[in-house]
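Read the structure below first, then the notes.
The values are calculated or read from the model by the stated rules, or taken from the named source; none is laboratory data. Nothing here was measured: the structure is a model prediction, and the numbers come from that model. Heads up, the Cβs are rebuilt from the backbone with ideal geometry, glycines too, and the neighbour counts pull from every protein chain shown.
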Amino acid sequence: MTKKWTDRADAQKTKKPKLLLVDDMGIMLPQLAERLEAQGFYVVKMHIGNDAPIDDSTIVQGSFDEAVEYAVAPTNRIDAVVTDLNNRDYPYGRYLVADLVKHGFNGPIAVHSGEVDSTMDKIVKEKGAVGLFDKREPEAIANAINTALAERGQAKG
């Protein structure tokens, strides 16, 4: 990882649910993060792709394994994870969901994509996600996460 994880105190100050946003396209992270922040989340952005992320010092460059490690580390206090479904060659999102659950992450996990279909929605739900959402509708993602947080009593503010 190229950035120290020092944002925990910032999230605690705001009392907002802390969300780890994982995407393989560096250019998408700021846009989606901004829209999720407008929905009341404190967003940690992690780029796991091969493309060069835009020049944004708040985006953390990491790997698939580092995303799982960060999300499950108790000191990071992640309340929810949002991940993209695919990159051009690999449907990593459903595997990230499965690995998060396998390693003990018990917060809501939402998957987003530019192409949503009922078959893949069913697959990601079977892996442990709250669902597959259209990346152009962050309000729906936020609503699903907030509902799951309320049901699980997990907001760690």
(request) Restricting attention to region 130-157, report how many residues are within 20 Å of residue 76 (Cα to Cα) and touching a strand residue (DSSP E or B) at 6+ places or on another chain (Cβ under 6 Å). (result) 1
(request) Check region 85-96 and report whether any residue there is loosely packed, with under 14 Cβ neighbours inside 10 Å, on the phi > 0 side of the Ramachandran plot and not in a helix (DSSP H, G or I). (result) no
(message) Of the conditions (1) out of contact with any Ser or Thr (no Cβ under 6 Å at 6 or more places or on another chain); (2) at pLDDT below 90; (3) not aromatic (Phe, Trp, Tyr), residue 61 satisfies every one except a single condition; which number is it?
(response) (1)
(message) Of the conditions (1) over 13 Å from the mean Cα position of the chain (by Cα); (2) of a type in the set (D, E, K, R); (3) at pLDDT below 95, residue 102 satisfies every one except a single condition; which number is it?
(response) (3)
(request) Could you please give the count of residues in region 99-151 that are among the basic types (Lys, Arg), part of a helix (DSSP H, G or I) and surrounded by fewer than 17 Cβ atoms within 10 Å (Cβ to Cβ)? (result) 3
